[in-house]
Amino acid sequence: MQLITFERAGRVGYGAVKGTGVVDLGARLGRDAPTLLDRIAGGLAGTAQDIVAREKGDMALSDVKLERPLPAPGKILCVGVNYLDRNAEYKDGSEQPKNPSVFVRFPASFVAHGEPLIRPPETRQFDYEGEIVVVIGTRGRRIARERALEHVFGYTIANEGTVREWTRHGKFNVTQGKNFDRSGSIGPSIVTADAVPAGPMRVKTRVNGEERQNDTTDRLLFPFDLLVSYLSIFTTLEPGDLILTGTPNGAGARFDPPKWLVPGDVVAVEVPGIGTLSNAVADERVGA
(Lines give C-alpha, C1' and ligand atoms only; values in the text may rest on other atoms or scores of the structure.)
Protein backbone atom coordinates (compact mmCIF):
# COMPACT_ATOMS: atom_id res chain seq x y z
CA MET A 1 0.00 0.00 0.00
CA GLN A 2 0.95 3.60 -0.59
CA LEU A 3 -0.10 5.53 2.51
CA ILE A 4 -0.40 9.29 2.92
CA THR A 5 -1.38 11.83 5.53
CA PHE A 6 -3.42 14.61 3.98
CA GLU A 7 -5.38 17.77 4.69
CA ARG A 8 -8.71 18.45 3.01
CA ALA A 9 -11.31 21.05 3.90
CA GLY A 10 -9.58 21.79 7.18
CA ARG A 11 -9.43 18.16 8.28
CA VAL A 12 -6.23 16.13 8.57
CA GLY A 13 -6.63 12.46 7.81
CA TYR A 14 -4.76 9.54 6.33
CA GLY A 15 -5.45 7.05 3.62
CA ALA A 16 -4.18 4.80 0.86
CA VAL A 17 -3.58 5.88 -2.71
CA LYS A 18 -5.62 3.81 -5.14
CA GLY A 19 -5.09 4.82 -8.74
CA THR A 20 -5.78 8.55 -8.89
CA GLY A 21 -7.92 8.46 -5.75
CA VAL A 22 -7.52 8.18 -1.99
CA VAL A 23 -9.29 5.64 0.21
CA ASP A 24 -9.89 7.44 3.51
CA LEU A 25 -8.63 4.96 6.10
CA GLY A 26 -8.84 7.44 8.96
CA ALA A 27 -12.58 7.79 8.47
CA ARG A 28 -12.98 4.02 8.64
CA LEU A 29 -10.38 3.11 11.28
CA GLY A 30 -10.55 6.25 13.41
CA ARG A 31 -11.78 4.44 16.50
CA ASP A 32 -8.88 1.97 16.41
CA ALA A 33 -6.27 4.10 14.61
CA PRO A 34 -6.93 7.86 14.52
CA THR A 35 -3.59 8.62 12.81
CA LEU A 36 -1.25 6.81 10.46
CA LEU A 37 1.18 6.33 13.35
CA ASP A 38 -1.60 4.56 15.27
CA ARG A 39 -2.23 2.44 12.19
CA ILE A 40 1.44 1.42 12.03
CA ALA A 41 1.66 0.67 15.75
CA GLY A 42 -1.69 -1.11 15.89
CA GLY A 43 -0.91 -3.89 13.47
CA LEU A 44 -4.00 -3.25 11.37
CA ALA A 45 -2.36 -4.18 8.08
CA GLY A 46 -4.85 -6.86 7.11
CA THR A 47 -7.85 -4.70 7.95
CA ALA A 48 -6.51 -1.76 5.95
CA GLN A 49 -5.66 -3.95 2.97
CA ASP A 50 -9.17 -5.40 2.95
CA ILE A 51 -10.68 -1.91 3.00
CA VAL A 52 -8.48 -0.69 0.16
CA ALA A 53 -9.22 -3.79 -1.92
CA ARG A 54 -12.99 -3.40 -1.75
CA GLU A 55 -13.52 0.37 -1.61
CA LYS A 56 -13.31 2.99 -4.32
CA GLY A 57 -11.46 6.22 -3.71
CA ASP A 58 -13.28 8.68 -1.48
CA MET A 59 -11.62 11.69 -3.11
CA ALA A 60 -9.19 12.50 -5.87
CA LEU A 61 -5.53 12.59 -4.94
CA SER A 62 -5.32 15.95 -6.70
CA ASP A 63 -7.93 17.37 -4.27
CA VAL A 64 -5.89 16.85 -1.10
CA LYS A 65 -2.84 18.62 0.30
CA LEU A 66 -0.13 16.17 1.26
CA GLU A 67 1.27 16.49 4.76
CA ARG A 68 4.37 14.80 6.13
CA PRO A 69 3.51 11.07 6.17
CA LEU A 70 4.11 10.98 9.94
CA PRO A 71 3.56 14.48 11.35
CA ALA A 72 4.68 13.27 14.78
CA PRO A 73 7.21 10.48 14.23
CA GLY A 74 9.18 8.87 16.99
CA LYS A 75 12.96 8.97 16.82
CA ILE A 76 14.57 10.30 13.63
CA LEU A 77 17.94 8.56 13.35
CA CYS A 78 20.21 9.62 10.49
CA VAL A 79 23.20 7.79 9.05
CA GLY A 80 26.06 9.61 7.37
CA VAL A 81 28.73 8.50 4.87
CA ASN A 82 26.96 5.28 3.90
CA TYR A 83 27.58 4.84 0.15
CA LEU A 84 30.82 3.43 -1.22
CA ASP A 85 31.99 6.67 -2.84
CA ARG A 86 30.99 9.03 -0.03
CA ASN A 87 34.02 8.62 2.20
CA ALA A 88 36.34 9.46 -0.71
CA GLU A 89 34.46 12.72 -1.24
CA TYR A 90 35.89 14.03 2.03
CA LYS A 91 39.45 13.75 0.63
CA ASP A 92 40.90 13.31 4.12
CA GLY A 93 42.74 10.04 3.51
CA SER A 94 40.64 8.17 6.06
CA GLU A 95 39.68 4.51 5.72
CA GLN A 96 36.11 3.38 5.16
CA PRO A 97 34.23 3.60 8.48
CA LYS A 98 33.86 0.37 10.42
CA ASN A 99 30.60 1.40 12.10
CA PRO A 100 27.76 3.72 11.05
CA SER A 101 28.00 7.46 11.77
CA VAL A 102 24.74 8.43 13.48
CA PHE A 103 23.05 11.71 14.37
CA VAL A 104 19.47 12.83 14.97
CA ARG A 105 17.01 15.27 13.44
CA PHE A 106 13.89 16.83 14.90
CA PRO A 107 10.43 16.70 13.25
CA ALA A 108 10.32 20.51 12.86
CA SER A 109 13.32 20.34 10.52
CA PHE A 110 11.15 18.71 7.82
CA VAL A 111 8.38 19.94 5.54
CA ALA A 112 6.04 17.92 3.34
CA HIS A 113 6.21 17.24 -0.38
CA GLY A 114 5.41 20.40 -2.30
CA GLU A 115 6.17 22.77 0.57
CA PRO A 116 9.19 25.10 0.34
CA LEU A 117 12.53 24.25 1.84
CA ILE A 118 13.50 27.26 3.94
CA ARG A 119 17.02 28.68 3.61
CA PRO A 120 17.80 30.51 6.88
CA PRO A 121 19.69 33.83 6.85
CA GLU A 122 22.60 32.20 8.71
CA THR A 123 23.75 30.34 5.59
CA ARG A 124 24.89 30.76 2.03
CA GLN A 125 25.87 27.09 1.95
CA PHE A 126 22.44 25.46 1.83
CA ASP A 127 22.62 21.91 0.51
CA TYR A 128 20.49 18.88 -0.44
CA GLU A 129 20.89 15.18 0.37
CA GLY A 130 18.48 12.70 -1.20
CA GLU A 131 17.90 9.60 0.91
CA ILE A 132 15.77 6.51 1.40
CA VAL A 133 14.03 6.32 4.78
CA VAL A 134 13.24 3.12 6.67
CA VAL A 135 10.01 3.27 8.70
CA ILE A 136 9.98 0.99 11.73
CA GLY A 137 6.79 -0.98 12.29
CA THR A 138 7.54 -3.34 15.18
CA ARG A 139 9.18 -2.58 18.50
CA GLY A 140 12.55 -4.16 19.16
CA ARG A 141 15.80 -3.98 21.12
CA ARG A 142 19.05 -5.77 20.19
CA ILE A 143 17.41 -7.07 17.05
CA ALA A 144 19.30 -9.85 15.29
CA ARG A 145 20.35 -8.82 11.79
CA GLU A 146 18.65 -11.82 10.22
CA ARG A 147 15.34 -10.70 11.76
CA ALA A 148 15.82 -6.97 11.24
CA LEU A 149 13.68 -6.48 8.13
CA GLU A 150 10.74 -8.06 9.95
CA HIS A 151 10.67 -4.85 12.01
CA VAL A 152 10.39 -2.61 8.92
CA PHE A 153 6.92 -1.32 8.09
CA GLY A 154 7.84 0.46 4.90
CA TYR A 155 9.87 3.14 3.17
CA THR A 156 9.67 6.81 2.31
CA ILE A 157 12.00 9.50 0.92
CA ALA A 158 13.84 12.42 2.50
CA ASN A 159 15.79 15.42 1.36
CA GLU A 160 18.09 15.95 4.28
CA GLY A 161 18.58 19.70 3.73
CA THR A 162 21.77 20.87 5.41
CA VAL A 163 23.21 24.21 6.52
CA ARG A 164 26.85 23.38 5.89
CA GLU A 165 28.46 26.19 7.91
CA TRP A 166 26.65 24.95 11.01
CA THR A 167 27.84 21.36 10.65
CA ARG A 168 31.29 22.66 11.63
CA HIS A 169 30.38 24.67 14.72
CA GLY A 170 31.41 21.81 16.98
CA LYS A 171 34.27 19.35 16.64
CA PHE A 172 32.37 16.10 16.84
CA ASN A 173 28.80 16.72 15.71
CA VAL A 174 26.63 17.98 12.86
CA THR A 175 23.40 18.38 14.82
CA GLN A 176 23.07 22.15 14.43
CA GLY A 177 23.43 22.18 10.65
CA LYS A 178 20.95 19.33 10.26
CA ASN A 179 18.13 20.81 12.32
CA PHE A 180 17.23 24.28 11.11
CA ASP A 181 13.45 24.54 11.03
CA ARG A 182 11.89 23.48 7.70
CA SER A 183 15.28 22.94 6.06
CA GLY A 184 14.57 19.39 4.86
CA SER A 185 11.62 17.45 3.51
CA ILE A 186 10.06 14.01 3.77
CA GLY A 187 7.40 12.14 1.82
CA PRO A 188 5.30 12.15 -0.23
CA SER A 189 4.04 8.81 1.11
CA ILE A 190 5.04 5.64 2.91
CA VAL A 191 5.07 2.52 0.76
CA THR A 192 4.68 -0.67 2.76
CA ALA A 193 7.56 -3.12 2.58
CA ASP A 194 5.50 -5.75 0.79
CA ALA A 195 4.77 -3.32 -2.05
CA VAL A 196 8.37 -2.26 -2.75
CA PRO A 197 9.92 -3.97 -5.80
CA ALA A 198 12.49 -6.64 -5.02
CA GLY A 199 16.16 -5.90 -5.57
CA PRO A 200 18.32 -2.84 -4.98
CA MET A 201 16.57 0.52 -4.73
CA ARG A 202 17.85 3.47 -6.74
CA VAL A 203 17.86 7.04 -5.42
CA LYS A 204 18.23 10.00 -7.77
CA THR A 205 18.38 13.68 -6.88
CA ARG A 206 17.83 16.43 -9.44
CA VAL A 207 18.15 20.18 -8.98
CA ASN A 208 16.23 22.17 -11.57
CA GLY A 209 16.17 19.02 -13.70
CA GLU A 210 19.94 18.46 -13.53
CA GLU A 211 20.86 15.06 -12.12
CA ARG A 212 23.20 15.42 -9.15
CA GLN A 213 22.91 12.07 -7.34
CA ASN A 214 22.28 8.56 -8.66
CA ASP A 215 23.14 5.37 -6.79
CA THR A 216 21.68 2.08 -5.62
CA THR A 217 21.32 0.44 -2.23
CA ASP A 218 23.50 -2.52 -3.14
CA ARG A 219 26.36 -0.03 -2.70
CA LEU A 220 25.53 0.84 0.89
CA LEU A 221 28.36 0.32 3.36
CA PHE A 222 25.78 -0.52 6.03
CA PRO A 223 22.61 -2.07 4.50
CA PHE A 224 19.15 -1.58 5.92
CA ASP A 225 19.15 -4.79 7.96
CA LEU A 226 22.50 -3.98 9.54
CA LEU A 227 21.36 -0.44 10.40
CA VAL A 228 18.21 -1.68 12.13
CA SER A 229 20.19 -4.23 14.09
CA TYR A 230 23.00 -1.81 15.00
CA LEU A 231 20.75 1.05 16.10
CA SER A 232 18.62 -1.26 18.21
CA ILE A 233 21.67 -2.14 20.30
CA PHE A 234 21.65 1.23 22.07
CA THR A 235 18.03 2.35 21.67
CA THR A 236 14.71 0.56 21.53
CA LEU A 237 13.22 0.99 18.08
CA GLU A 238 9.52 1.81 18.19
CA PRO A 239 6.75 1.89 15.57
CA GLY A 240 7.01 5.15 13.67
CA ASP A 241 10.73 5.62 14.22
CA LEU A 242 12.53 6.76 11.07
CA ILE A 243 16.00 5.79 9.87
CA LEU A 244 17.49 8.04 7.18
CA THR A 245 19.93 5.67 5.53
CA GLY A 246 22.47 8.06 4.00
CA THR A 247 22.92 10.02 0.80
CA PRO A 248 24.96 9.08 -2.32
CA ASN A 249 27.84 11.15 -3.58
CA GLY A 250 26.93 14.31 -5.46
CA ALA A 251 25.68 16.68 -2.76
CA GLY A 252 26.27 20.32 -3.64
CA ALA A 253 29.20 20.70 -1.24
CA ARG A 254 31.18 18.07 -3.14
CA PHE A 255 31.36 19.94 -6.47
CA ASP A 256 34.25 22.25 -7.38
CA PRO A 257 33.08 24.93 -7.07
CA PRO A 258 30.20 23.92 -4.74
CA LYS A 259 26.63 24.08 -6.06
CA TRP A 260 24.62 25.60 -3.21
CA LEU A 261 20.84 25.89 -3.24
CA VAL A 262 19.33 29.33 -3.78
CA PRO A 263 15.73 30.57 -3.71
CA GLY A 264 13.78 29.35 -6.73
CA ASP A 265 15.70 26.10 -7.09
CA VAL A 266 13.59 22.93 -7.20
CA VAL A 267 14.98 19.74 -5.67
CA ALA A 268 13.41 16.41 -6.65
CA VAL A 269 14.42 13.12 -5.03
CA GLU A 270 13.15 10.04 -6.86
CA VAL A 271 13.12 6.42 -5.71
CA PRO A 272 11.37 4.17 -8.25
CA GLY A 273 8.71 2.11 -6.52
CA ILE A 274 8.36 4.66 -3.72
CA GLY A 275 7.82 7.98 -5.47
CA THR A 276 9.27 11.45 -6.01
CA LEU A 277 9.71 14.09 -3.32
CA SER A 278 9.84 17.60 -4.76
CA ASN A 279 10.37 20.95 -3.06
CA ALA A 280 11.29 24.46 -4.11
CA VAL A 281 13.70 26.60 -2.10
CA ALA A 282 12.71 29.88 -0.44
CA ASP A 283 14.43 32.29 1.91
CA GLU A 284 13.22 32.56 5.48
CA ARG A 285 11.32 35.75 6.22
CA VAL A 286 12.88 37.28 9.27
CA GLY A 287 11.08 40.13 11.02
CA ALA A 288 12.78 43.37 11.89
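The values are calculated or read from the model by the stated rules, or taken from the named source; none is laboratory data. These numbers were taken from a predicted model, which means no experiment stands behind them. Quick reminder, even Gly has a Cβ in these numbers, built from the backbone with ideal geometry, and neighbours come from all protein chains shown. Accessible surface areas use protein heavy atoms only, side chains included; no ligands, DNA or RNA. Shrake-Rupley method; radii C 1.70, N 1.55, O 1.52, S 1.80 Å.
A quick yes/no check of all residues on (1) over 15 Å from the mean Cα position of the chain (by Cα); (2) touching a residue at least 60 places away in the same chain (Cβ under 8 Å); (3) closer than 20 Å to SER109 by Cβ:
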{"residue": "ALA158", "(1), (2), (3)": "no, yes, yes"}
{"residue": "ARG164", "(1), (2), (3)": "yes, yes, yes"}
{"residue": "THR167", "(1), (2), (3)": "yes, no, yes"}
{"residue": "VAL174", "(1), (2), (3)": "yes, yes, yes"}
{"residue": "GLY184", "(1), (2), (3)": "no, yes, yes"}
{"residue": "VAL191", "(1), (2), (3)": "no, yes, no"}
{"residue": "GLY199", "(1), (2), (3)": "yes, no, no"}
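If ALA41 satisfies all but one of (1) at pLDDT below 95; (2) in a loop (DSSP other than H, G, I, E, B), what's the number of the condition it fails?
So ALA41 meets the others, but not (2).
Across region 119-170, which residue is nearest to GLU7 (Cα to Cα) among those that are hydroxyl-bearing (Ser, Thr, Tyr) and open to solvent by less than 10 Å² (accessible area, probe 1.4 Å)?
Within region 119-170, the first condition is being hydroxyl-bearing (Ser, Thr, Tyr), and the residues that meet it are 123, 128, 138, 155-156, 162, 167.
Imposing the further condition that a residue be open to solvent by less than 10 Å² (accessible area, probe 1.4 Å) reduces the set to 123, 128, 156, 162.
Numbers: THR123: 32, TYR128: 26, THR156: 19, THR162: 27 Å.
The qualifying residue nearest to GLU7 (Cα to Cα) is THR156.
Can you give me the number of residues within region 19-43 that are under 23 Å from GLU115 (Cα atoms) and charged (D, E, K, R)?
Final tally of qualifying residues: 1.
Go through (1) buried (at least 19 other Cβ atoms within 10 Å of the Cβ); (2) touching a Lys or Arg at 6+ places or on another chain (Cβ under 6 Å) for ILE190 and report which single condition fails.
(2)
Could you check region 3-38 and list, in sequence order, the residues that are open to solvent by 70 Å² or more (accessible area, probe 1.4 Å) and assigned to a strand (DSSP E or B)?
Passing the criteria: ARG8, ARG11, VAL12, LYS18.
Could you please let me know if ALA198 is closer than 25 Å to LEU70 by Cα, open to solvent by 10 Å² or more (accessible area, probe 1.4 Å) and modelled with pLDDT under 95? First the steps, then the outcome.
Details: closer than 25 Å to LEU70 by Cα: yes; open to solvent by 10 Å² or more (accessible area, probe 1.4 Å): yes; modelled with pLDDT under 95: yes.
It is true that ALA198 is closer than 25 Å to LEU70 by Cα, open to solvent by 10 Å² or more (accessible area, probe 1.4 Å) and modelled with pLDDT under 95.
Would you check which residues across region 97-118 are open to solvent by less than 50 Å² (accessible area, probe 1.4 Å), touching a Gly at 6+ places or on another chain (Cβ under 6 Å) and closer than 18 Å to THR235 by Cα and list them?
Hits for region 97-118: nothing passes.
How many of the residues in region 250-269 are open to solvent by less than 50 Å² (accessible area, probe 1.4 Å) and either under 20 Å from ARG219 (Cβ atoms) or in contact (Cβ under 8 Å) with a residue 60 or more places away in the chain (or both)?
So the answer is 8.
Go through region 141-257 and tell me which strands (runs of 3 or more DSSP E), entirely inside it, have 3 or more residues that are touching a helix residue (DSSP H, G or I) at 6+ places or on another chain (Cβ under 9 Å).
The strands (runs of 3 or more DSSP E) meeting that bar are 152-159, 184-192, 202-207.
For region 54-79, which residues satisfy the criterion of being in contact with a helix residue (DSSP H, G or I) (Cβ under 8 Å, 6 or more places away or on another chain), open to solvent by less than 30 Å² (accessible area, probe 1.4 Å) and not in a strand (DSSP E or B)?
PRO69, LEU70, PRO73, listed by residue number.
State which residue is farthest from VAL134 (Cα to Cα) when the search covers only region 258-269 and only residues that are of a type in the set (Val, Ile, Thr) and part of a strand (DSSP E or B).
Within region 258-269, the match that is farthest from VAL134 (Cα to Cα) is VAL266.
Can you find a residue that is among the charged types (D, E, K, R) and under 21 Å from PRO116 (Cβ atoms) anywhere in region 211-221?
So the first thing to find is which residues in region 211-221 are among the charged types (D, E, K, R), and the list is 211-212, 215, 218-219.
Filter again for under 21 Å from PRO116 (Cβ atoms), leaving 212.
Scanning region 211-221 turns up at least one residue that is among the charged types (D, E, K, R) and under 21 Å from PRO116 (Cβ atoms).
Return a yes/no flag: does region 238-246 have any residue that is of a type outside the set (Gly, Ala, Ser), open to solvent by 40 Å² or more (accessible area, probe 1.4 Å) and under 24 Å from ASP127 (Cβ atoms).
So in region 238-246, the residues of a type outside the set (Gly, Ala, Ser) come out as 238-239, 241-245.
Imposing the further condition that a residue be open to solvent by 40 Å² or more (accessible area, probe 1.4 Å) reduces the set to 238.
Then keep just the ones that are under 24 Å from ASP127 (Cβ atoms); that gives none.
Looking through region 238-246, none of the residues is of a type outside the set (Gly, Ala, Ser), open to solvent by 40 Å² or more (accessible area, probe 1.4 Å) and under 24 Å from ASP127 (Cβ atoms).
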